[in-house]
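See below for the structure under consideration.
The values are calculated or read from the model by the stated rules, or taken from the named source; none is laboratory data. This one's a predicted model, so the numbers in the text were calculated from it and none came from an experiment. Note that we place each Cβ from the backbone using ideal geometry, even for glycine, and neighbour counts take in every protein chain shown. In case anyone asks, the SASA skips ligands and DNA or RNA and just uses the protein heavy atoms, side chains included. Shrake-Rupley method; radii C 1.70, N 1.55, O 1.52, S 1.80 Å.
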Amino acid sequence: MSEPWTRKEIIGDATLYLGDCRDILPTLGKVDAVVTDPPFGVGFKYASHDDRPEAYEGGYGVWLWSIIEAAERLLPAGAPVFVWQAGPHIRHFGEWFPRDWRLFVAAKNFVQMRPTAMQYAYDPVVAWWTPGAKPWAAGTASRDFHIANTAPVVATPQNIEKGHPCPRPVDQVGHIIDQWVAPGSVVLDPFTGSGTTGVAAVRSGRAFVGCEMEPAYFDIACRRIEEAYRQPRLFDEPPPKPVQGSMFDGEAA
Ligand SMILES: C[S@@+](CC[C@H](N)C(=O)[O-])C[C@H]1O[C@@H](n2cnc3c(N)ncnc32)[C@H](O)[C@@H]1O
């Protein structure tokens, strides 16, 4: 039987699959957390995925939940699930997410700059923990909101995520991983896009498993995750050597 993916790339502790997550998820092994930013069903222009509300068979909520549930089956007890959502969908969350969920507020700092009426100035992230064990938390600043600097992903002409229509700010995803995904965990994102969750996972020393159906986005994700590995990671950097000699005689260490 052939594999349900057309490419599989292993980059450090990250494994990326090119293909439809609905086919790939049932073949995956256990993971420790689901952190994902799915299409919102609002008619966004993706290269291959049709995001028009009427394109979702059975309705957007049914489509999304079937995938989240398949991802949830790979988790142990007490594991976190974070699902980015669109503000206009908030009224449907009770019907779409049959869990004891809460909302993390992922705010965007560029929206308020527009001189219009009140905006959808944040993305609600629906979050819950699988029952049966106490969830892990960093115990530092486990606040339920984060204001991300979105300028790098929307404003600069040379930004690295430019090839994807809606990249997430890395520090927004990184905040969630740092606060609620235990060190040493494997983070799953069935909707990898340009690889932001993977970059955030790698930067915080967690392993990553991702699926993306569009080859152009998959290539960006692979490149960004490779780059994230090339950048020095503060948490496992050896401590700097003590400086030898005198600060007055110009001797280097
Ligand atoms: C909101 S975007 C993710 C953006 C990502 N967080 C980033 O920062 O680039 C959702 C992604 O899901 C992908 N997608 C949609 N349906 C899919 C499916 N069934 N399997 C795998 N990927 C899918 C789309 O191609 C799109 O790149």
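Here the range 7-231 exposes an accessible surface that is 56 percent carbon and sulfur, computed with a 1.4 Å probe and the other protein chains kept in place.
Go through the range 30-119 and name the GluC sites (Glu not before Pro) that are in a DSSP coil and have 12 or fewer other Cβ atoms within 10 Å of their Cβ. Passing both the DSSP loop test and the Cβ count: 57. Applied to the range 75-85, the Karplus parametrisation 6.51 cos²θ - 1.76 cosθ + 1.60 on θ = phi - 60° returns per-residue 3J(HN,Hα) values of 9, x, 5, x, 8, x, 10, 10, 10, 5, 9 Hz, with x for Gly and Pro. Each Lys or Arg adds one and each Asp or Glu takes one away; over the other residues whose Cβ falls under 12 Å from the Cβ of residue 46, this sums to -2. Taking label points 7 Å from Cα along the Cα-to-Cβ direction, residue 99 and residue 30 give a separation of 1.8 nm. A Förster distance of 35 Å, applied to the separation of the beta-carbon atoms of residue 2 and residue 44, puts the FRET efficiency at 0.70.
An oblate overall shape is assigned to the range 73-150, the ratio a/c of its alpha-carbon gyration tensor axes (a ≥ b ≥ c) being 1.5 or greater and a/b not exceeding b/c. Note that the range 1-49 presents 53 Å² accessible area per residue, ligands and nucleic acids not counted, probe 1.4 Å. Summing Lys and Arg as +1 and Asp and Glu as -1 over all other residues whose Cβ lies under 13 Å from the Cβ of residue 4 gives a net charge of 0.
Its Cα gyration tensor gives the range 1-86 an equivalent ellipsoid. The semi-axes, each the square root of 5 times an eigenvalue, are 23, 18, 13 Å from largest down. Dipole orientation for the range 7-231: of the candidates 63, 17, 208, 208 has the Cα lying most toward the positive pole (charges on Cβ; Lys, Arg +1; Asp, Glu -1).
Specify whether the C-alpha gyration tensor of the range 7-231 places it in the rounded, prolate or oblate class, a ≥ b ≥ c being the square roots of the eigenvalues: rounded for a/c under 1.5, otherwise prolate if a/b is larger than b/c and oblate if not.
Values: a/c = 1.13, a/b = 1.06, b/c = 1.06.
Rounded, because the longest to shortest axis ratio a/c is under 1.5.
DSSP finds beta bridges in the range 1-116, and of those with both partners inside it, around 65 percent are antiparallel.
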